[in-house]
Every structure is written in C-alpha cells, then in structure tokens.
Amino acid sequence: MKNIHWLGSGLSSIPGIRRLASNNHNLTVWNRTLEKAQKSIDHVNNDNVSAQIFNIKEIEEKIQQGDIIVSQLTASMHLDIAKICLEKKCH
C-alpha cells in the first residue's frame, strides 16, 4: 500500500483526512503546527496515520515513488510541491 501525504490541515481538509484515516490508508498529515495536524486525526484509532510538522525538506525525504500527495496549501507552495512530485514520480 502506498502512502498518502496530506499537506495542510485547515477546515476544508478535515472531511478528506477523516475519510482516508478511517479507511486504513497509510496517511501522514503535514501542517505548520503539529497540534493542528494532530487534532485532525485525533478521532482515528489507526497506527497507519500520523501527524508531522510541515517541513518541505523532510517531506521531500519521506515521499517515495508512487505515493499520493494531497496539497491544501496556499497557491504559492504548489509549484514547489509539483516539482517534488515530478522528481519522485508520485501523484
């Protein structure tokens, strides 16, 4: 099973995060504040789900070929994320 990296855990992200987390996907939620990322997955009892502080270099290291990236970040970040996805051959 490939990993899903969800970038940003604002209000519009919560339904998608909850859906993926409750269906046993390997999910990492990345956000500027760990508390907010953790809050978005608090209801989940799934060892395959984790929260991380958003750090572009760490994300780049963790992403593997075939992983899925969901970006809920500001538009100014999309180009950097797209470049990483192309380099790592992920979606």
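The values are calculated or read from the model by the stated rules, or taken from the named source; none is laboratory data. Keep in mind the model is a prediction, meaning the values are calculated, not measured. Using ideal geometry, Cβ is built from the backbone for each residue, glycine included, and neighbour counts are taken over all protein chains shown.
Checking the structure you have, find out if any residue of segment 79-87 is surrounded by 13 or more Cβ atoms within 10 Å (Cβ to Cβ) and assigned to a loop (DSSP other than H, G, I, E, B).
Looking only at segment 79-87, we keep the residues that are surrounded by 13 or more Cβ atoms within 10 Å (Cβ to Cβ), and these are 80-81, 84-85.
Then keep just the ones that are assigned to a loop (DSSP other than H, G, I, E, B); that gives none.
No, the conditions are met nowhere in segment 79-87.
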Search segment 51-78 for residues being of a type in the set (Gly, Ala, Ser) and surrounded by fewer than 15 Cβ atoms within 10 Å (Cβ to Cβ), and hand back the single one that is nearest to the chain's Cα centre (by Cα). 66
Can you run down the residue pairs with Cβ atoms below 8 Å, 6 or more apart or on separate chains, where the first is in segment 49-74 and among the charged types (D, E, K, R) and the partner is in a loop (DSSP other than H, G, I, E, B) and surrounded by fewer than 17 Cβ atoms within 10 Å (Cβ to Cβ)? 67/2; 67/91
Consider residue 44 against the criteria (1) modelled with pLDDT of 95 or more; (2) more than 12 Å from the chain's Cα centre (by Cα): it satisfies all of them except one. Which criterion is unmet? (1)
What are the residues in segment 1-47 that are within 20 Å of residue 64 (Cβ to Cβ) and part of a strand (DSSP E or B), if any? 3, 4, 5, 6, 7, 26, 27, 28, 29, 30
Counted residues, segment 59-91 - those being touching a helix residue (DSSP H, G or I) at 6+ places or on another chain (Cβ under 6 Å) and closer than 21 Å to residue 37 by Cα: 5
